[in-house]
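Asks: Pasting a structure below so you can have a look.
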Amino acid sequence: MGVRTRVAPSPTGDPHIATGYVAFMNYAFAKQHGGEFVLRIEDTDRTRSTAASEGAILQALHWLGIAWDEGPDVGGPYGPYRQSERSEIYRRYADQLLAEGHAFRCYCTPERLDAMREQQRREGRPNAYDGRCLHLSAAQRAAEEAAGHASVIRMKVPSEGTCVVNDLLRGPIEFEWSSVDMQVLLKSDGMPTYHLANVVDDHEMRITHVIRGEEWVSSAPKHILLYQYFGWEMPQLAHNPLLRNLDRSKLSKRKNATGILFYKQMGYLPEAVLNFLGLLATATAEGQDEMMDLPALVKHFDLKRLPVGGPYFDVEKLNWLNARYIRERLDVDAFVERVRTWAFDPQRVRAIAALAQPRIERLSDLGPLTAMFFSGRLNVPEERLLDGKLDRDTIRKLYVLSLAVCDGLQEWSVAVIETALREIADRLGRKFRDIVRPLYIAVTGSPTSVPLFDSMEILGRDLVRERLRQALATLGGATSAEIETWRSAPINEVSLS
Ligand code: GLU
């Protein structure tokens, strides 16, 4: 069978730069072997998955120039490629595991499980299901069913021995079976968990190589066991190193912008971003020009030589590459064309014009008024950020809470943004008007501009976040402890003064 790889993002937020990185590696590996690359949408978490996020993921990968052979939009022989459309398949396999004695029904209530975990925490033991329902008799099960108690399906796990995960990058990795939890496979609403759906789909979609982030390595024993239970051949696994901030910590929103579409909006060219991501996954030889297009990146990619020591997300390098693409790969006409598609999307221009029209006297006022829509970071000076009724600490707190709120909103629209910011005013015990001003200045760069919430919607979540993050940094930033306390404090207890 030919090589088949996949990328399997969950549509629960803005498309993450790591999705592009993992997609590139899977794409490159498949293409090196003349194989197929599949896009699968893992949307089994029905409360967090959104169609908007799925659409943005597809858009972001298209923008990067990574094309898939099979996927929810293009179809293919092993579809559907969206897990929410495959519930029946997972249910069938879960039933098979039950019938063959590899899984069991668990009737434990959330309250009981909470109490169990609490006790485990108190006793310093790892959190894991204690097996209460593992040996229920047929009569006990019948009684639970008769009482109408909801159940989940959990997998059985050996209580002793070791499991060896053979990782293409890291070699054999051993896990004690006793440290592996009796994972829930099917939830009480009939939806599968990641583990069941992922294994079933990789098998049904004939995936031969799974290249995914190292955060999934601890899930591998459960997956290996499921493949054994089903009697299926296991795909080869490679857990890639996670992207890191320059200070070696895991790439985080706090230190770097992590949304692919942020880089689009900042005016990076897709070929530069793809080149940058490809380099993070490629060990280039001395003297090799690092400016490479997709075919060259694919040629140089070597899964076995993936730099395991943490690829560093060095934005300076991306800037350098982007500048080279702008100067070396585009003639003036091509450059004009790029500017046109970047800046003058007709819908966006219309939305901006509609805000500006009532606020100008001459067309030449448009430049200064709307420049912030065509800019990236604004470098707003400290005095301007502090110019309002709130003191520095309250503004820092306001920015921290706003950043958290921006992340959490499922929808990015004027009404939703406004409601969320009103809640922040309540939490801070401040007038809405007073909190709007420092937000306004951070986001638009000026105390007088076009309306804030409309601007936020047009600018997009990523850029708004970035401007808030930069404004927070200008005011001295916030420590992890401050962020933790401010974000978790209940309403009305956040107020500083
Ligand atoms: N849905 C998982 C994710 O969001 C996929 C992990 C995997 O590749 O197995 O990363």
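The values are calculated or read from the model by the stated rules, or taken from the named source; none is laboratory data. Keep in mind the model is a prediction, meaning the values are calculated, not measured. Note that each Cβ is placed from the backbone with ideal geometry, even for glycine, and that neighbours are counted across all protein chains shown. With ligands, DNA and RNA removed, areas are computed over all heavy atoms of the protein, side chains included. Shrake-Rupley method; radii C 1.70, N 1.55, O 1.52, S 1.80 Å.
Asks: May I ask for the Kirkwood hydrodynamic radius of region 104-222, worked out over all distinct Cα pairs and given in angstroms to one decimal?
Replies: After inverting the mean inverse Cα-Cα distance, the result is 16.4 Å.
Asks: Could you check how many percent of all C-alpha pairs in region 344-429 are farther apart than 15 Å?
Replies: 72
Asks: Taking every eigenvalue of the Cα gyration tensor of region 29-129, multiplying by 5 and rooting it, what semi-axes result, largest first, whole Å?
Replies: The answer is 37, 20, 15 Å, longest axis first.
Asks: How many percent of the alpha carbon pairs in region 234-370 exceed a separation of 17 Å?
Replies: 70
Asks: Mind checking the full-extension length gain between Phe344 and Lys389? Use 0.36 nm per residue of separation minus the Cα-Cα distance, one decimal, nm.
Replies: My answer for the length gained is 12.5 nm.
Asks: If eta is 0.890 mPa s and T is 25 °C, what Stokes-Einstein diffusion coefficient results for region 134-182, Kirkwood Rh from Cα pairs, in µm²/s?
Replies: Result for D is 179 µm²/s.
Asks: Hey, what number do you get for the chain at 222 nm if only DSSP H runs of n ≥ 4 count, each worth -39500 (n - 2.57), divided across all residues, to the nearest 500?
Replies: Using -39500 (n - 2.57) per qualifying helix, the result is -14000 deg cm²/dmol.
Asks: Related question: Based on the Cβ-Cβ distance of Ala420 and Leu242, what FRET efficiency does E = 1/(1 + (r/R0)^6) give at R0 = 30 Å, to the nearest 0.05?
Replies: 0.50
Asks: If I model a spin label at Thr109 and Phe230 as a point 7 Å from the Cα along the Cα→Cβ vector, what separation in nanometres do I get?
Replies: 3.5
Asks: Once label points are set 7 Å from the Cα along Cα→Cβ at both Asp314 and Gln32, what is their separation, rounded to one decimal in nm?
Replies: 2.2
Asks: Tell me, how many Å apart are the Cα centres for region 222-247 and for region 265-305?
Replies: 24
Asks: Normalised by the number of residues in region 352-497, what is the relative contact order in percent for Cα pairs under 8 Å and 6+ residues apart?
Replies: 36
Asks: On to the next question. In nm, what is the difference between 0.36 nm times the number of residues separating Ser364 and Ala146 and their Cα-Cα distance?
Replies: This chain segment gains 70.9 nm when fully extended.
Asks: So how do 252-261, 82-91 stack up, highest first, on mean other-Cβ count within 10 Å?
Replies: 252-261, 82-91
Asks: Equivalent ellipsoid semi-axes for region 155-218, as square roots of 5 times the alpha carbon gyration tensor eigenvalues: give them largest first, rounded to whole Å.
Replies: 21, 19, 10
Asks: Mind checking the log10 I(q)/I(0) for region 284-329 at q = 0.16 Å⁻¹? Debye, one equal scatterer per Cα, no solvent, two decimals.
Replies: With no solvent term, the Cα-only Debye profile gives -0.56.
Asks: Please give the FRET efficiency for Asn127 paired with Lys304, using the beta carbon to beta carbon distance and R0 = 30 Å, rounded to the nearest 0.05.
Replies: 0.25
Asks: Report Rg/Rh for region 33-85, rounded to two decimals, where Rg is the Cα radius of gyration and Rh the Kirkwood radius.
Replies: 0.99
Asks: Suppose each label sits 7 Å from its Cα in the direction of the beta carbon; what would the Arg254-Ser137 distance come out to in nanometres?
Replies: 5.4
Asks: When the C-alpha atoms of region 382-497 are aligned to their principal axes, what extent does each axis show, in angstrom, from largest down?
Replies: 32, 32, 25
Asks: Going down the list Lys250/Lys317; Lys317/Lys397; Lys250/Lys304; Lys156/Lys304, which pairs span over 29 Å between their C-alpha atoms?
Replies: As for pairs spanning more than 29 Å Cα to Cα, those are Lys317/Lys397; Lys156/Lys304.
Asks: On a 0 to 90° scale, report how tilted helix 461-474 is relative to the longest principal axis of the chain, with both axes built from alpha carbons and the result rounded to the nearest 10.
Replies: Approximately 70 degrees, to the nearest 10.
Asks: For the chain, count the residues as N, evaluate 2.2 N^0.38 Å, and divide the Cα radius of gyration by that value, please.
Replies: After normalising by residue count via 2.2 N^0.38 Å, the value is 1.10.
Asks: Mind ranking 346-352, 269-275, 185-191 by how tightly packed they are, going by the mean number of other C-beta atoms within 10 angstrom, highest first?
Replies: Output ranking for 346-352, 269-275, 185-191: 269-275, 185-191, 346-352.
Asks: Okay, moving on. Rounded to the nearest 10 degrees, what's the angle between the helix 220-230 long axis and the longest principal axis of the chain, both from Cα atoms, 0 to 90?
Replies: In the chain, helix 220-230 runs at an angle near 50 degrees to the longest axis.
Asks: Oh, and also: So if each residue of separation counts as 0.36 nm, and I subtract the Cα-Cα distance between Asp189 and Phe374, what length gain in nm does that give?
Replies: 62.0 nm
Asks: Next up: Please sort 7-15, 173-181, 399-407 by packing, taking for each peptide the average over its residues of neighbouring beta carbons within 10 angstrom, highest first.
Replies: Those peptides, ordered most packed to least, come out 7-15, 399-407, 173-181.
Asks: What is the chain's relative contact order, in percent, from Cα pairs under 8 angstrom and six or more apart in sequence?
Replies: Relative contact order here is 13 percent.
Asks: In addition: Mind pulling the angle between the C-alpha long axis of helix 87-99 and the longest principal axis of the chain? Nearest 10 degrees, somewhere in 0 to 90.
Replies: Helix 87-99 sits at roughly 30 degrees to that axis.
Asks: Sticking with this structure for a sec: Just the number, please: carbon plus sulfur as a percent of the accessible area of region 1-103, 1.4 Å probe, no ligands or DNA/RNA counted.
Replies: Result for region 1-103: 49 percent of the exposed heavy-atom area is carbon or sulfur.
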